[in-house]
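See below for the structure under consideration.
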Ligand SMILES: Cc1cc2nc3c(=O)[nH]c(=O)nc-3n(C[C@H](O)[C@H](O)[C@H](O)COP(=O)(O)OP(=O)(O)OC[C@H]3O[C@@H](n4cnc5c(N)ncnc54)[C@H](O)[C@@H]3O)c2cc1C
């Protein structure tokens, strides 16, 4: 029997403001389901929802607690974009591929609202307030202008428009930006309450979910697949791997892990601003990202400011990474210098070789959906409908997400120094204003 790894809860703002957790038992004994889903985040739960809709019996098996991975600790920015711009996708792969992926992004954003409404997840505090990209220099502003023109012209996306420096100051409260791009699609959410509400809704619909049950092995037998945990087993016709950046928790998901570069993303949250300096900042409650390569982002959560960006390299948090975030926040919003930071936490983002998520098959019995590259709140929670289609033998078209393979990371053992090198280079370019 394999010992369960320790999985301490994350000391995040989300954890402190979490709604009541539904109880999910550990998997024990032998069971049979149509589909065994490894991972209890947005992807795994969404897969269970759509498999059940097709009349199949799914089981979600989570190593720790529901939402322990990225789904319960992310920034809660609801966005339909990919790391590659739609214009770049069109230039390299054709306008129809770009259109399909753009449609997928909008569908995923709308789907967040549908889930919140269907399962009554008021505690997710979903606000479809849109997002602002904040240009830090003239070169970035020009690029944003071209992007808006392209999105409006080529894809007919009227949700995007440009803002002047004055409008940016009125929107953000910062004089740091030379202009920006408003996108009224998307918004912000309490990510942990979203995933807990989704799990509670599925449980109420009779879907089996187990926590504290790390899958230690996935193997074939004569009738299909067997999924092993320390105290139980599931026999299933098919397996779905939904472990994303946490695919190295056990060797069971090694086949997927080799294609993912885990990158630590960190954030800090201030005390409530009511009655303190800076209480008028970010008054529209959107999500905000900078155009620098080592992208920093911020938002309000209730009346606190959250500020995020690159975390520490390596396996744990570091004081210096949090201090760098605080310094950047105060540079942007000087009035926050006297405001206390009450929460600091981080998580792993799943980067892929082509910066895109992928849905596909390892073989005739194992499906995977991973690699959201830091933009998975909407995308992962909508991915289940396509996971279910693939499991059912259909061939869903998600543009490059399904038409291109999930490539293995070359020289996987040296991925950490490589990430450090690339990040250092980006930081240097940002510092010299390129
Ligand atoms: C700090 C941070 C900030 C982010 N901010 C944003 C944001 O603002 N907006 C946005 O769109 N995206 C954001 N993301 C990305 C987003 O959170 C993810 O893309 C999304 O949550 C992925 O969901 P998932 O279900 O695929 O993976 P996860 O939520 O990570 O779930 C995977 C689960 O698999 C479990 N698991 C792993 N191995 C096993 C095993 N052997 N057996 C059983 N279970 C196992 C893990 O415990 C984990 O709970 C952020 C990510 C991080 C880390």
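Might you check whether a residue that is within 19 Å of the chain's Cα centre (by Cα) and in a loop (DSSP other than H, G, I, E, B) occurs anywhere in region 271-289? Yes, region 271-289 contains a residue that is within 19 Å of the chain's Cα centre (by Cα) and in a loop (DSSP other than H, G, I, E, B). The set of residues from region 321-350 being closer than 24 Å to residue 104 by Cβ and surrounded by fewer than 20 Cβ atoms within 10 Å (Cβ to Cβ) is empty. Evaluate the following for residue 111: is it free of Cβ contacts under 8 Å to residues at least 60 places away in the same chain, under 24 Å from residue 380 (Cα atoms) and surrounded by 18 or more Cβ atoms within 10 Å (Cβ to Cβ)? Spelling it out, it is not the case that residue 111 is free of Cβ contacts under 8 Å to residues at least 60 places away in the same chain, under 24 Å from residue 380 (Cα atoms) and surrounded by 18 or more Cβ atoms within 10 Å (Cβ to Cβ). Of the numbered criteria (1) outside any loop (DSSP other than H, G, I, E, B); (2) in contact (Cβ under 8 Å) with a residue 40 or more places away in the chain, the one residue 157 fails is (1). Evaluate region 219-237: report whether one residue or more is buried (at least 16 other Cβ atoms within 10 Å of the Cβ), touching a helix residue (DSSP H, G or I) at 6+ places or on another chain (Cβ under 7 Å) and modelled with pLDDT of 95 or more. No; the residues of region 219-237 include none that is buried (at least 16 other Cβ atoms within 10 Å of the Cβ), touching a helix residue (DSSP H, G or I) at 6+ places or on another chain (Cβ under 7 Å) and modelled with pLDDT of 95 or more. With the condition kept exactly as written, say whether any residue in region 120-139 is crowded, with 18+ Cβ neighbours inside 10 Å, part of a helix (DSSP H, G or I) and in contact with a strand residue (DSSP E or B) (Cβ under 8 Å, 6 or more places away or on another chain). The answer is no; no qualifying residue exists.
Report whether or not residue 116 is part of a strand (DSSP E or B) and at pLDDT 95 or above.
On the way: part of a strand (DSSP E or B): no; at pLDDT 95 or above: yes.
For residue 116, the condition - part of a strand (DSSP E or B) and at pLDDT 95 or above - is not met.
Of note, residue 166 satisfies the criterion of being over 22 Å from residue 97 (Cα atoms) and either buried (at least 22 other Cβ atoms within 10 Å of the Cβ) or free of Cβ contacts under 8 Å to residues at least 24 places away in the same chain (or both).
With the requirement that a residue be touching a helix residue (DSSP H, G or I) at 6+ places or on another chain (Cβ under 9 Å), more than 14 Å from residue 206 (Cα to Cα) and loosely packed, with under 15 Cβ neighbours inside 10 Å, what does region 10-53 give you? The answer is 20, 21.
At least 3 residues being within 16 Å of the ligand (Cβ to nearest atom) is the threshold, and among the strands (runs of 3 or more DSSP E) wholly inside region 163-256 those reaching it are 208-210, 217-221, 224-228, 232-241. Using the structure shown, decide if residue 371 is within 13 Å of the ligand (Cβ to nearest atom) and at positive phi. For residue 371, the condition - within 13 Å of the ligand (Cβ to nearest atom) and at positive phi - is met.
When region 311-354 is filtered for residues that are modelled with pLDDT of 90 or more and farther than 17 Å from residue 269 by Cα, the ones remaining, listed by number, are 348, 349, 350, 351, 352, 353, 354. Within region 290-310, residues that are assigned by TED's automatic domain parsing to the domain that holds residue 332 and at pLDDT 95 or above reach partners that are assigned to a loop (DSSP other than H, G, I, E, B) and within 11 Å of the ligand (Cβ to nearest atom) with beta carbons closer than 6 Å, at six or more positions or on different chains, in the pairs 308/75. Residues in region 170-197 that are assigned by TED's automatic domain parsing to the domain that holds residue 122 and farther than 18 Å from residue 375 by Cβ: 193, 196, 197.
The values are calculated or read from the model by the stated rules, or taken from the named source; none is laboratory data. Keep in mind the model is a prediction, meaning the values are calculated, not measured. Quick reminder, even Gly has a Cβ in these numbers, built from the backbone with ideal geometry, and neighbours come from all protein chains shown.
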